[in-house]
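In what follows, a single structure is set out as structure tokens and then discussed.
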Amino acid sequence: MTTLIGLAGCSDQQQDALLEKTINMARDAANLELKQSQLSDVSMTYLERDAEGPVMLLLHGFSANKDNWLQFSYELPENYRLIIPDLAGHGDTPAPKGEDYGLIRQAERLHELMQNLKIDQFHIAGNSMGGAISAIYSTLYPQEIRSLTLIDAAGVDAPKPSEYMEGLKEGKNPLIATDNDSFEYRMDFVMSKAPPLPWPLRPALMRQAVARVDINREIFNDMIATKDRLTESGFEAQLEQHVTMPTLIIWGEEDRVLDVSAVEVFKQKIPHAEVKIYPEIGHLPMVEIPAETAELYAEFVASAE
């Protein structure tokens, strides 16, 4: 910490280098290696822990990336084989050919990734948009999924509109940072118990987020279009029909992005699902309380094996 404080006056380049070094150290601590796989329309970057135990595919949310799972991964048993991709258009995975960011297409890309890796049975978990993609994947390829975990997941309409949904009606999207102030607001908005983020790292993350304004808007528009497609295709009925694998629903009670009342809807469609709601936690439980959520997830996976 003394070193970080001493770097308070460092340049943008030094801040960026420090952020990269910090992330690499966290990846190494979790035994995660950076890899790439060429898909039909994009080269997908992902983190992998190559181990002999159960396989997990972990999916981040909108405007996030694979590194949201670093501390959570560190807390998981060492024998878990982890696959943690940057979804197309996020993190280190570039825009795909045709620039289709629809959630169904994202699920199809992940299917291609797992085929490339010759993995035909695995556990899938996703947060927010990644939760919706996990649920979609489980309806498209249910024979591959050993268990499904939804963490503050998109995909269904909550009976009680969230603060985020109300803001969208007014043309506001706090998940897309456009400057320093909106970046700070987003950080507070998505988490009730944010982990400490030393000053030199914060401006580096802010610059990365602001640089993604245009592509985040494209991704968001495709995500909204997917919602209409899911409604037309009877997605909730597909959940009831195809999601028969063990399922765990995790939610932060103070989620301002996707209201906790969405749990009721998922539970109606997946009645066998286990549910854990954490008080005083927001939209990112695996970031806010990684040890607790990893322990819960490990116990669930053990019961599903």
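The table below gives the values:
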read-out: Trp69, Trp199 arranged by Cβ crowding within 10 Å, fewest neighbours leading; value: Trp199, Trp69
read-out: Protection proxy ranking of 59-67, 225-233 - average other beta-carbon atoms within 10 Å, highest first; value: 59-67, 225-233
read-out: Length gained when the stretch Lys267-Glu33 is fully extended (0.36 nm per residue, less Cα-Cα span); value: 80.7 nm
read-out: Segment 202-269 and segment 101-171: distance between their alpha carbon centers, rounded to Å; value: 7
read-out: Beta bridge orientation in the chain: antiparallel %, DSSP, nearest 5; value: 30
read-out: Cα gyration tensor shape for segment 10-304, rounded if a/c is under 1.5, else prolate or oblate; value: rounded
read-out: Gain in span if fully extended, Lys160 to Glu78, counting 0.36 nm per residue against the direct Cα distance; value: 25.6 nm
read-out: Ordering of 180-193, 70-83 by packing [mean C-beta count within 10 Å, highest first]; value: 70-83, 180-193
read-out: Sites Ala194 and Gln241 - FRET efficiency at Förster radius 45 Å, r taken between beta-carbons, to 0.05; value: 0.70
read-out: Fully extended contour minus Cα-Cα distance, from Asn116 to Asp181, at 0.36 nm per residue; value: 19.3 nm
read-out: Cross-link pairs beyond the 31 Å C-alpha cut-off, checked among Lys21/Lys172; Lys66/Lys227; Lys66/Lys267; Lys169/Lys193; Lys21/Lys169; value: Lys21/Lys172; Lys21/Lys169
read-out: Those residues of segment 86-119 whose amide nitrogen sits under 20 Å from the label point placed on Leu168, 7 Å along Cα→Cβ; value: 87-90, 100-107
read-out: Sequence-separation-based contact order of the chain, relative, with Cα cut under 8 Å and 6+ spacing, percent; value: 20
read-out: Spin-label zone in segment 189-204 - amide nitrogen under 11 Å from a point set 7 Å from the Cα of Glu254 along the C-beta vector; value: 189-194
read-out: Convex hull projection area averaged over all views, segment 106-216, Cα basis, nm²; value: 9.2
read-out: Average Cα contact separation per residue, segment 8-153, under 8 Å, 6 or more apart, as relative contact order %; value: 22
read-out: Highest to lowest packing among 239-247, 211-219, scored as the average C-beta count within 10 Å; value: 239-247, 211-219
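No value in this document is a laboratory result; all are computed from the given coordinates. Since the structure is predicted, the reported quantities are computational estimates derived from the model, not experimental observations. We place every Cβ from the backbone using ideal geometry, glycine too, and count neighbours over all the protein chains shown.
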